[in-house]
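Rule-based calculations on the coordinates, nothing more; no lab input. Every value quoted in this text rests on a predicted model; they were computed, and no experiment measured them. Note that each Cβ is placed from the backbone with ideal geometry, even for glycine, and that neighbours are counted across all protein chains shown.
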Amino acid sequence: MTSILDRYIGRSIVITSLMVLLVLMALAAVFSFIGELDDVGRENYTLGTAALYILLRLPASAYEMFAPAVLLGALLGLGTMATHSELVVMRAAGISIGRIIRSVLQAGVLLMFVVAVLGEFVAPKTEQTAQDIRLNALSKKVSVGSKSGLWLRSGERFINVKTVMPDRTLIDLIVYRFDGQRLQSVMAAGQAKPLDGGRWQLENITINEFDGQKSGVRREAQRIENDLVAPEALQNLSVDPEVLSARNLMQQAGYLKDNKLDSDRIQLALWSKLTNPLATLVMLMLAVPFVFGSQRSGGAGQKIFIGIMLGIGYIMLNRLFTHMGLVYGFPPVISAVAPLLVFFLIAVVGIRRTS
């Protein structure tokens, strides 16, 4: 059961953290909107469409900035209590630093739940919708990240797609079907439209079949193929893996693993998604020694500066380990957990010195 002390400290931290998050989101929205002005007027991309796109991307921005916002909010919330001598009164009443930290971490559990819901259910859907609206308004194709197109594998079939449209229609695809080590057939299609039940309608088809020393060519106007491309292979293609839900990331990781494809980036995004809520608790722990170490020294400006520097440090270290993990082949779990562990150790050392 939570006490009056827990509710008081928790309310102070949660309110200031959410206020800081709103300010950061507003700044991010302004800069993002300015960046979108270059595309306003092209095709069907209007000022209203750009505003809707930015609005729908706010949950993803909030998820990315949540941990630094909690750190800054905790510094301001606890710092205000220290400035008003409330922490001194609590200590004089016999409440230990450990008891206050427990109240802080209880607020962290609530914030962990908020960021988990935001990252798993809200941000992935709104980000996908935002990207689809922008792509459709600009009549753009989904980038496949390679001049040779997108390569996929489905069992004994290797599929090359030149272009993926916003509605997931595949343009200019070639399907190479193997029987063991032997090429069995090559099927080229002008386009493939997704249908219900995992089916695809192919049009303008040319099929080359190989049977020993013989080969034959036939053409078809259209045909229906079942399970041509697994849905998870194309799902959220226009969205960065870091924004996807843990469920979708596990589906994509499973698809890549089953087809013996590189899944390091997806695995790294998955571990980052699973460990990100813990960053909320670590940021709260990190704020405690800075507040108790200087209860009367330094005003709000100093605490804001400390929070910004620590938040930037966490983001930079997180991205450093992410890039190093992808370049040098570190295990994804190490790349995701290492920055969190570094700041956790800093927080523990600071709390022990304060105690």
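Worth a mention:
- Where labels lie 7 Å past Cα in the beta-carbon direction, separation of V88 and M309 in nm: 2.5 nm
- Taking the average, over residues, of other Cβ atoms within 10 Å as the packing measure, peptides 84-90, 215-221 rank 84-90, 215-221 from highest down.
- Karplus-derived 3J(HN,Hα) values for the stretch 154-165, using 6.51 cos²θ - 1.76 cosθ + 1.60 with θ = phi - 60°, are 9, x, 8, 10, 10, 10, 10, 10, 6, 9, 10, 7 Hz; glycine and proline are entered as x.
- Where N is the number of residues in the chain, Cα Rg divided by 2.2 N^0.38 Å: 1.27
- Sorted on the mean count of surrounding Cβ atoms within 10 Å across their residues, most packed first, peptides 98-108, 65-75 read 65-75, 98-108.
- Value in Å of the Kirkwood radius, where the stretch 1-52 supplies the Cα pairs that are averaged: 13.8 Å
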